[in-house]
């Protein structure tokens, strides 16, 4: 992207650089184990019980995600599931009783099913087809129906269904289900009007271009709402309470996504809200009293809550430093729950009372064994790449660096390819920084969150220009007086893992070591073997990366590290889940075998019970322990 420099941005950059270059000595932090960093309890989700006395979340307190309910008054936590093998993600209570809906797959295979847990502990699987994947889509406004999507009919596409749940009754273990929308072309449902008449649909064309349709279920007609020229994104968010307008996000005519409305009767479009960043999502509370808008503000989440009728902002005071995320407003609109977190503080759940204007913290997820003062906050910095493009990144400087001493460093590369490293707490990252490694988390060209031009800047250039951004990140690190320029490695997962192997293969002398978490190494195989349920995004993926069934195969082969392992000279470690449906284990098997032929030191850690991304605490601990041992040996140079 030809980045637009806003007023004050250079001032921020200069201040950040001055901070980075400071020679002031700090007290050395206490060293902690990854076990201690992982004893920070990961929590996610948030749904109020029908009487709004409890909140349902997912918690990793036992080492794997399970469904937990928290009493708002007492803070007492109660486990509703006790899985020790497959992660459980809690979605919601039923609207009028204490049944609970949650999702779970098998060993990370991503074939998620929907389960209903009754108050007596009995569990029913809503998805009868063992090979079908399902997603919860919410409750009808009258709370008589539950919506979900499933690819049971056609494994490529997700149809929309509604399930009868009124009154808490069911016929045996089978809930009465009706088909609402048959998805035959990869046009996916995104929003449903309160009366159920209208369904807003989204069609992905490329990663930067999409269409939006309105389905009228009464007349069974479908209308294109997003006729446009050039690339533009359209993402339906919600319908007005009276069903007269559809609210959606778009970057049509703009660098960033804004919130707009479409009048169903007149076809008139109006901008509702915009920011100098992408708006991530927008939502209305049950009766429409409050509107919630989330903004991707320079790798942070900025939440704005309005009284929708007046536009007056709701300000929530008395909170610790950090970002508000995961906002859920109760149906009564008297209270809401949300998370507060930062790069040095893990997520904690809060509840806010709109009437008393009081906020209450319900969890304390950081272990008492860690002194918060020993954690490191990320700093937003920017540097110029090889072609002058400005690249954003997050810098983590270890505490207690002695004067005139230098430390090793790692580039931290996100997945995607269109992901974004944000200022969130990471146990793995804090563990490495605590043990003396500087981290520069690079949001190279192609990352989301910095406008559509920047997002598209790596299309068909993967393993080339984005890799050059990483090399320039290394050069930026070399300007910092506390970095040992002979000890800079590269670390990444998924697409970031590809960047690690691309660096070691196509720029073999740039980085001292590599850490590859389940990274792509053979684009031909990966793009041919993507899961069937990605069909609606397949063309967009091929447009961005290349189509392996066409002449693009030559370019894809040329950017695949697997075919050039003879060029690898530097040590690396690979961590892989056996059940990964995206990057198959054979991909990691082959890159390891190929590099070993060069007598390159390679370490390989396989997790037989994980998929694409590790969900079990014990596995994440083992992975981080192995990575630290590897880095201490091959990057820091500590003999074991």
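Miscellaneous remarks
- Counting every other Cβ atom within 10 Å of each residue's Cβ, 251, 387 order from fewest to most as 387, 251.
- Antiparallel bridges, percent of DSSP beta bridges restricted to the chain (to nearest 5): 80 percent
- For the peptides 630-638, 414-422, residues were scored by their other Cβ atoms within 10 Å and the scores averaged per peptide; the highest-first order is 414-422, 630-638.
- Prolate/oblate/rounded label for segment 43-184 (Cα gyration tensor, a/c 1.5): oblate
- Principal-axis tilt of helix 9-20 within the chain, Cα atoms, nearest 10 degrees: 50 degrees
- With the highest mean first, a sort of the peptides 591-603, 438-450 on other beta-carbon atoms found within 10 angstrom per residue produces 438-450, 591-603.
- Segment 181-225: proportion of alpha-carbon pairs further apart than 15 angstrom, %: 39 percent
- Each of 412, 277 was scored by other Cβ atoms within 10 Å of its Cβ. Listed from fewest to most, they are 277, 412.
- The helix-only estimate of mean residue ellipticity at 222 nm for the chain, built from DSSP H runs of length n ≥ 4 each weighted as -39500 (n - 2.57), is -4500 deg cm²/dmol after division by the residue total.
- With neighbours defined as other Cβ atoms within 10 Å of a residue's Cβ, the residues 97, 580, 194 order from fewest to most as 97, 194, 580.
- Per-residue packing, averaged as other Cβ atoms within 10 Å, sorts the ranges 112-125, 502-515 into the order 502-515, 112-125, beginning with the highest.
- Acute angle (nearest 10 degrees) that the helix 617-631 long axis makes with the longest principal axis of the chain, alpha-carbon atoms: 20 degrees
- Computed over the chain, Kirkwood Rh from alpha-carbon pairs, angstrom: 26.0 Å
- Principal-axis analysis of the Cα atoms of the chain puts helix 585-596 at an angle of about 0° to the longest axis.
- For the pair segment 618-632 and segment 63-81, the centres of their Cα atoms are 29 angstrom apart.
The numbers here are math on the coordinates, done by the rules we state, and not lab data. Since this is a predicted model, take the numbers as computed values, not measurements. Here Cβ is always computed from backbone atoms with ideal geometry, including for glycine, and neighbour counts include all displayed protein chains.
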